[in-house]
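The values are calculated or read from the model by the stated rules, or taken from the named source; none is laboratory data. For clarity, every value in this text was computed on a predicted model and none was experimentally measured. All Cβ positions, glycine included, derive from the backbone under ideal geometry; neighbour counts span all protein chains shown. Surface areas here come from the heavy atoms of the whole protein model, side chains and all, with no ligands, DNA or RNA. Shrake-Rupley method; radii C 1.70, N 1.55, O 1.52, S 1.80 Å.
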Amino acid sequence: MSAAKVSCRARRRCTLSLAAWAFAAGACAGAALAQGAPALAPPTAARGATDTTPNVGALVAADAALAHARKADLEGDTTAVLGAARTALDGYLELCTGRSDCDWRNTWEARLLLARHDLRRGLNSAAFENAQAAAELARTAADTARQALALAVSADLSGLQGDSGEEQRLLAQALRMARLDGDAELRGRVNLYETKILRRRGDQGGARRSAEAGLALARQSGEQRMVALHLVNLSDALVADGQPHAALQAAEQGLPLARKLGDGRTERALTHNAALARIGLGQMPQAQQVLEDLLAAYRASGASADEVVALREFAEAFADSGNLPAALALFHRERELAARIMAANRDAALAELRQRHDREAQQRRLEQLAGESRLMSAQLENRAAMQLVWAAGAAALLLAVTLLGLMVRRVRDLNRRLEHSQAFLRAQSHRDPLTGLGNRRGLHEAAAARGLDLRFEGALLLVDIDHFKHVNDGHGHAAGDVVLVEVARRLADVVRAGDVLVRWGGEEFLVCLPGVDSGHALALAQRVLKAVGGEPVTLPGPAPLALRVTASVGYGCFPLPPARLPLTLERAINLADMALYTAKNQGRNCAVGIRHALAADAAGLHALEHEFDQARRDGRVVLEHLAGPPASVAAPGAADLLQPAGSPAAAPCA
């Protein structure tokens, strides 16, 4: 049938197929090009109504990239598909959000192409994310056919990630939707994934029966490309079921169809299964040559996951036929490639994690990454165990020594990766996720590394945001987060490069200045008061609000004169906290520093710490006071919402 004579129903079916499996798109495009007509491509926007809009050129470019991705998919070029589909998806997400004149099905198709070809490269996490996004698009649009196809892809990916429960749930949902739709072609496409999942579970009889049912549906729909695809599944199931003669017949039945349709990827899959059948029939030289040609084609197209599958299946076939040296060589190649894919998966997951700033989302991603890492490690260990079994039966002592060396290298590699993961998690545990500053744990470990935890020498400043609770109560926790982040930024601007600035807890910050004198502490306290209270903090929103923020500071330079008794970091922080408490009691928006402490020994210093107010009144502790910027100068016109409503204004710092 030529492109000019495609019926309305056939056009609808072709568009659906190219979006779901991307093979029927090749059929439509190939037929059109053969007749000299443009390939079928659903328009992104109603061109006649929107040609005057400024984004029409960009939309056309996104459509062109999607058409290129379809063509590359038909040719089996994974690298080209990923590049073109990503370009198309980025364009649609940028230009079509919130627009009614964009066709959501193009975004759906680009996501499903990315899911399928990320899978071919072994990037299962990225593939699953795109498949789930495609299913959600179809669900929102109430398109059960496209939703069923995306759910079938998601079920396959869940199984590959080891989540058998989610695999069964998603597959059952996809099968139910396909049956309700009633279209033979849709049922046949969902059946492709059902056969693959049954094959992976080890249900060879069920996989064969499913493939035969799918072949009947494909012939009923009249879609020749579907017939070829189900012959791929049937020949695969027959090979696994130990029926090489029948498998070879099924593969050879499908090869002329794939060549006629120009479908290079399906042709490779049929050739792959035919070669496996020939191994089962003892035709080793022919199968060996076909294998090398297939591996070269997979490498050229960037289909790393397909290459891993080919290496594993041919290794198992050679082993079953008694050719243990060839099987062992292929097992080694498969293990090396699987390790590279695992590293790529981990790098991709970590890159995605670094792009997220929300603490809860980051934690979920870390847990998911840890689960994937454990799963992939378990899979590699299982394959290594299989290799050990084959090696022990093939070679005895020499092969055992070789395998021992491989295991030692693997343990070192796993230990190295574990150290890298632990270092990353350790760094995360030392940072405050909201402000990006260090936290208590980071300060204590840094101080311990420099010997300052047991004998501290230098200055400490404790900074507390005044009336911070009123920000959360009056404007919400999101506004409170804005204030915390802005205050952290202002503090970071006034401290020196060698100083240590951490979020101490809640609305408190701590600055540690090792090895400085009291003059530096006084100057920094002045800068902190001015930096925090000198300008209002602007809260974002439809009507931005300028909010006056002030801080109270307690500081000291340790050891304290005149006795300069040695003290720990913890005791120095407690004394600075007493000074901060005094600043709070004296009206806030000020700094109180400890100049002198009359204590003859550690016991006297301990008494000062626990009787600070009395010691201040007795003259045993001498303080210095700094006032913060007044409201009229610091933030003219800003709302002073940190002061409780209806309460008298605080007295200036004495």
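Heavy-atom accessible area with a 1.4 Å probe sorts Trp108, Trp504, largest first, into Trp504, Trp108.
The shape of region 224-313 comes out oblate: with a ≥ b ≥ c from the C-alpha gyration tensor, a/c is at least 1.5 while a/b does not beat b/c.
Which number do you get for Rg(Cα) / (2.2 N^0.38 Å) in region 507-617?
Details: Rg = 16.4 Å, N = 111, 2.2 N^0.38 = 13.2 Å.
Normalised Cα radius of gyration, region 507-617: 1.25.
Take Lys196: with every protein chain present and a 1.4 Å probe, its accessible area is about 80 Å². Other residues whose C-beta falls under 9 angstrom from the C-beta of Asn124 contribute a net charge of -2, scoring Lys and Arg +1 and Asp and Glu -1.
Here each label is just a point 7 Å from Cα along the line to Cβ, and for Glu367 and Arg86 those points are 2.9 nm apart. Once divided by 2.2 N^0.38 Å, the Cα radius of gyration of region 180-263 becomes 1.03.
Here the 3J(HN,Hα) profile of region 197-205, calculated from phi with Karplus coefficients 6.51, -1.76 and 1.60 at θ = phi - 60°, is 5, 4, 4, 5, 6, x, 8, 5, x Hz, Gly and Pro shown as x. Heavy-atom accessible surface of region 482-525, averaged per residue, reaches 37 Å², computed with a 1.4 Å probe.
What whole-number value in Å² describes the accessible area per residue of region 139-200 for a 1.4 Å probe?
On the way: 2360 Å² over 62 residues.
Heavy-atom accessible area per residue stands at 38 Å².
If you wrap the Cα atoms of region 90-172 in a convex hull and average its projected area over all directions, you get 5.4 nm². 3J(HN,Hα) along region 320-336, derived from phi through the Karplus expression 6.51 cos²θ - 1.76 cosθ + 1.60 where θ = phi - 60°, amounts to 4, 7, x, 8, 5, x, 5, 5, 5, 4, 5, 4, 4, 4, 5, 5, 5 Hz, with x in place of Gly and Pro.
A Förster radius of 25 Å, combined with the Cβ-Cβ distance separating Ala61 from Arg139, puts the computed FRET efficiency at roughly 0.30. Computed with a 1.4 Å probe over protein heavy atoms only, the accessible area of Lys584 comes to about 40 Å². Using the average count of surrounding beta-carbon atoms within 10 Å as a protection proxy, the listed peptides 406-415, 109-118 rank, highest first, as 109-118, 406-415.
Going from most exposed to least, what order do Met177, Met386, Met342 have by accessible area with a 1.4 Å probe?
Details: Met177 35, Met386 85, Met342 5 Å².
Ranking Met177, Met386, Met342 by accessible area, largest first, yields Met386, Met177, Met342.
On the beta carbon distance between Arg441 and Arg201, with R0 = 41 Å, the FRET formula returns roughly 0.35.
Taking a virtual spin label 7 Å from the Cα of Ala546 along the C-beta vector, which residues in region 515-534 bring their backbone nitrogen under 13 Å of it? Under cut-off, by backbone N: 534.
Please compute the length gained on full extension between Ala497 and Leu434, using 0.36 nm multiplied by the number of residues separating them and subtracting their Cα-Cα distance.
Full-extension gain reported as 20.6 nm.
How high is the relative contact order of region 444-523, given as a whole-number percent (alpha carbon pairs under 8 Å, six or more residues apart)?
On the way: 73 pairs, mean separation 33.1, N = 80.
Rounded, it is 41 percent for region 444-523.
Largest first, the three principal axis extents of the alpha carbons in region 552-616 are 33, 21, 19 Å in whole numbers. Taking amide H as placed 1.01 Å from N in the peptide plane, Phe558 has its amide H under 5 Å from the amide H of Gly458, Ala459, Leu460, each at least 5 places away in sequence or on another chain.
What's the extension gain from Gln289 to Ala627 if we count 0.36 nm per residue and subtract their Cα-Cα distance?
Length gained, Gln289 through Ala627: 113.1 nm.
Which semi-axes, in whole Å and largest first, does the equivalent ellipsoid of region 404-494 have when worked out from the alpha carbon gyration tensor as the square roots of 5 times its eigenvalues? Spell out each step's value before the answer.
Values: eigenvalues 301, 91, 17 Å².
Semi-axes (√(5λ), whole Å): 39, 21, 9.
Using heavy atoms of the protein chains and a probe of 1.4 Å, the accessible area assigned to Ser301 is about 10 Å².
Order these peptides, 178-188, 302-312, 604-614, by their mean beta-carbon neighbour count within 10 angstrom, highest first. Before the final figure, lay out each step's value.
Values: 178-188: 18.2, 302-312: 22.0, 604-614: 16.0.
My ranking of the peptides, most packed first, is 302-312, 178-188, 604-614.
With the simple spin-label model, which puts each label point 7 Å out from Cα in the Cβ direction, the Leu454 to Ala296 separation comes to 6.9 nm.
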